[in-house]
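Inspection log for the structure reproduced underneath, given as structure tokens.
The values are calculated or read from the model by the stated rules, or taken from the named source; none is laboratory data. Note that the coordinates shown come from a computational prediction; the quantities given were computed from them, not determined experimentally. When the accessible area is computed, the model is the full protein with side chains, heavy atoms only, and any ligands, DNA or RNA have been set aside. Shrake-Rupley method; radii C 1.70, N 1.55, O 1.52, S 1.80 Å.
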Amino acid sequence: MIEKIRGITASAVAAADKAGTVRELEELRVEVLGKKGSMTQILKGMGALPPDERPLMGQAANDARAEIEKRLEARQAVLRMAELEERLANEVIDVTMPGRAQKPGGRHPMTIMIEDLCRIFTGMGYEIAEGPEIETDYNNFIALNTPEHHSSRDEQDTFYMEGDGGFLLRTQTSPMQVRYMMRNRPPIRVICPGKVFRSDEIDATHTPVFHQMEGLVVDKGITLGHLKGALTTFARELFGADTAVRFRPHYFPFTEPSGEMDVRCYMCLGKGCRVCKGEGWVELLGCGMVHPNVLKMRDIDPDVYSGFAFGMGLERVALARFRIPDIRILFENDVRFLRQFA
Ligand code: DAH
């Protein structure tokens with residue numbers, strides 16, 4: 001038996017020293033020392049020996065086992081090191097190779113637009129307030145003096161939420177007037193940029209999601225003169241100091257009187273072209289003096305306070321400002337377009 005042990009040990013040791021990979025070494029370990037390994041079999045056969053031979057043989061087998069283990073470990077350390085060195089050699093980084101350039105991104109023209117508008121109006125002392133895109137029928141319509149039968153409530157224009165909670169996607173930023181006056185007393189000077197939603201067919205000037213910016217000023221002694229002054233100043237800040245504007249009467253339920261402000265066509269400078277449809281003017285925003293009913297519903301006394309409000313579609317302003325011919329380009333996220341603003 002002792003011969004057998006010696007034989008197994010010698011060949012295991014020789015095989016260990018010859019093993020070329022960690023994996024081969026592991027296979028060898030299983031072959032010799034594993035559950036069904038040759039050395040394990042010997043140890044199992046120990047019971048058949050006469051009792052006085054057992055201690056001697058046991059000792060020899062255990063010594064052999066320890067020796068084989070030691071050799072396996074030593075060889076494994078050598079192989080691991082070799083494998084590591086090989087990997088390091090293969091993974092060498094060529095620091096002289098040209099890098100992959102990071103192309104810096106840019107802001108979307110709508111973001112640029114909103115930031116510019118915020119800068120202009122905060123410069124005139126306005127605060128900025130934002131509100132939810134899901135609104136109540138009350139805030140979007142009723143509190144804005146918009147009667148039940150008004151055409152802007154038409155289901156064809158408004159996205160109503162399912163269920164009978166009275167929720168809808170706001171069709172305008174005007175409900176922010178309501179929200180702001182619920183929490184703030186005059187003097188009020190605030191702008192509210194944000195997304196609005198209407199069930200419109202998509203074409204060169206319409207998308208079902210677009211941006212608006214609302215403005216609201218309420219204080220003692222506010223007149224139409226303040227409205228014209230503020231909005232003219234704004235238009236000149238945005239389009240240039242020599243920009244001509246004009247005000248036309250219009251109708252909105254929440255202002256009285258109401259109007260619209262046009263700017264001189266930025267394409268033809270008033271001669272008449274496709275963009276202004278021959279008019280020489282481009283409509284920019286709706287505005288007016290806040291309706292007394294709107295103030296009353298917020299417990300602001302219209303005999304003491306007055307105000308003006310305005311609302312503009314920001315895509316339209318962006319098209320004008322950047323001379324973009326089609327609103328859809330703003331939503332397509334074509335990098336060839338966006339890159340021009342980086
Ligand atoms: N909310 C109006 C719209 O979506 C725009 C508007 C007009 C807002 C007049 C106002 C305003 O605050 O006074 O068409």
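Here are some notes:
- Top of 109, 50, 208 by mean-square fluctuation, Gaussian network on the chain, Cα under 10 Å: 50
- Here residue 205 sits with roughly 90 square angstrom of accessible surface, probe radius 1.4 Å.
- J(HN,Hα) series, segment 31-42, from Karplus relation 6.51 cos²θ - 1.76 cosθ + 1.60, nearest Hz, glycine and proline x: 4, 9, 9, x, 3, 9, x, 4, 5, 4, 4, 4
- Percent accessible area from carbon and sulfur atoms, the chain, protein chains only, probe 1.4 Å: 53 percent
- Greater than 19 Å apart at Cα, pairs in 4/36; 220/296; 4/44; 44/70: 44/70
- Here residue 226 sits with roughly 90 square angstrom of accessible surface, probe radius 1.4 Å.
- Residue 107 long-range amide H proximity, modeled H, under 5 Å: none
- Accessible surface for residue 284 stands near 10 Å², nearest 10, in the context of the full protein assembly shown (1.4 Å probe).
- Where the chain is the region considered: accessible area per residue in Å², 1.4 Å probe: 58 Å²
- Of all the options 279, 256, 73, the one that moves most in a Gaussian network model of the chain with Cα springs shorter than 10 angstrom is 73.
- Helical contribution to [θ] at 222 nm, DSSP H n ≥ 4, -39,500 (n - 2.57), averaged over the chain, rounded to 500: -12500 deg cm²/dmol
- Against the criterion of solvent-accessible heavy-atom surface with a 1.4 angstrom probe, 328, 100, 107 sort, most first, into 100, 107, 328.
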